[in-house]
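A short write-up of the structure that comes next.
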Amino acid sequence: MTYKVYDLINTGDERGGLIPFEKGRNVPFEVCRAFYIYDTKPSTPRGAHANRKSEFLMVVISGSCKVKIDNGREQSVVELNRPNQALWLDKMNWKEMYDFSYNAVLLVLSNEKYDEKEYIRNYDDYLAAVKPFHQN
Ligand code: TYD
């Protein structure tokens, strides 16, 4: 599976936490886009798509949520529940974010600008697109 969970170094001090993001240091791509998801509902999942070009770095900066990652062959679930924990997701992973806690804020960085054309939002289309990667 092409994802990685890792800790972000907190450079904060007694005044509070501070987590910087820096290309090549703790972000494995040049950040081109950032967005955050908030005001979520525990029973309403988000995502359910794959991206042909976008990689993502996800950090729950407040609260918690789960991310289901599916590469067309295997599935994993990662729980994000600390602001110093990052999930890097390579392109062409099917993902779904769910079980958002009250007041959860999910920050997402990406290497690509938003382009609806590179989103695959139908799971069968995703399986067809990823099939060549799983041959041999
Ligand atoms: P969507 O991809 O459905 O969100 P999620 O993956 O969290 O379920 O996006 C919701 C709306 O926001 C949709 O109209 C597209 C828009 N959007 C942007 O304009 N830019 C972005 O970077 C993202 C992620 C979404």
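The values are calculated or read from the model by the stated rules, or taken from the named source; none is laboratory data. Nothing here was measured: the structure is a model prediction, and the numbers come from that model. Reconstructed Cβ throughout: ideal geometry from the backbone, glycine too, with neighbour counts over all protein chains shown. Just the protein is used for accessible areas: all its heavy atoms, side chains included, with ligands, DNA and RNA removed. Shrake-Rupley method; radii C 1.70, N 1.55, O 1.52, S 1.80 Å.
Do we find a residue being within 10 Å of the ligand (Cβ to nearest atom) and either open to solvent by 20 Å² or more (accessible area, probe 1.4 Å) or not hydrophobic (A, V, I, L, M, F, W, C) (or both) anywhere in the stretch 86-93?
As a first pass, look at the stretch 86-93 and keep what is within 10 Å of the ligand (Cβ to nearest atom): none.
No, the stretch 86-93 contains no residue that is within 10 Å of the ligand (Cβ to nearest atom) and either open to solvent by 20 Å² or more (accessible area, probe 1.4 Å) or not hydrophobic (A, V, I, L, M, F, W, C) (or both).
In the stretch 11-37, what residues are touching a residue at least 12 places away in the same chain (Cβ under 8 Å), out of contact with any Lys or Arg (no Cβ under 8 Å at 6 or more places or on another chain), surrounded by fewer than 14 Cβ atoms within 10 Å (Cβ to Cβ) and in a loop (DSSP other than H, G, I, E, B)?
Listed by number, the list holds a single entry, Gly17.
Go through the stretch 102-133 and give me each residue that's more than 25 Å from Thr44 (Cβ to Cβ) and open to solvent by 50 Å² or more (accessible area, probe 1.4 Å). I'd like the intermediate steps shown before the answer.
The initial filter retains those residues of the stretch 102-133 that are more than 25 Å from Thr44 (Cβ to Cβ), namely 111-113, 117, 128-133.
Selection gives Glu112, Lys113, Lys117, Ala128, Lys131, Pro132, Phe133.
Answer yes or no: is there a residue in the stretch 42-55 that is more than 28 Å from Lys131 (Cβ to Cβ), hydrophobic (A, V, I, L, M, F, W, C) and open to solvent by less than 10 Å² (accessible area, probe 1.4 Å).
No: the stretch 42-55 contains no residue that is more than 28 Å from Lys131 (Cβ to Cβ), hydrophobic (A, V, I, L, M, F, W, C) and open to solvent by less than 10 Å² (accessible area, probe 1.4 Å).
(1) closer than 20 Å to His134 by Cα; (2) within 16 Å of the ligand (Cβ to nearest atom): which one isn't true of Gln75, the others all being true?
All conditions pass for Gln75, except number (2).
Look through the stretch 69-79, keep the residues that are in a strand (DSSP E or B) and open to solvent by 30 Å² or more (accessible area, probe 1.4 Å), and return whichever of them is farthest from Leu18 (Cα to Cα).
In the first step, residues of the stretch 69-79 are kept if they are in a strand (DSSP E or B); the result is 69-70, 75-79.
Those left that are additionally open to solvent by 30 Å² or more (accessible area, probe 1.4 Å): 75, 77, 79.
Working: Gln75: 32, Val77: 27, Glu79: 21 Å.
Looking at residues that are in a strand (DSSP E or B) and open to solvent by 30 Å² or more (accessible area, probe 1.4 Å), I get Gln75.
Scan the stretch 56-68 and give yes if some residue there is of a type in the set (D, E, K, R) and surrounded by 16 or more Cβ atoms within 10 Å (Cβ to Cβ), otherwise no.
yes
Please list, ordered by first then second residue, the pairs with beta carbon atoms under 6 Å, 6 or more apart or interchain, first in the stretch 96-125 and under 20 Å from Gly72 (Cα atoms) and within 8 Å of the ligand (Cβ to nearest atom), second assigned to a strand (DSSP E or B) and open to solvent by 30 Å² or more (accessible area, probe 1.4 Å).
Filtered contacts from the stretch 96-125: Met97/Arg46.
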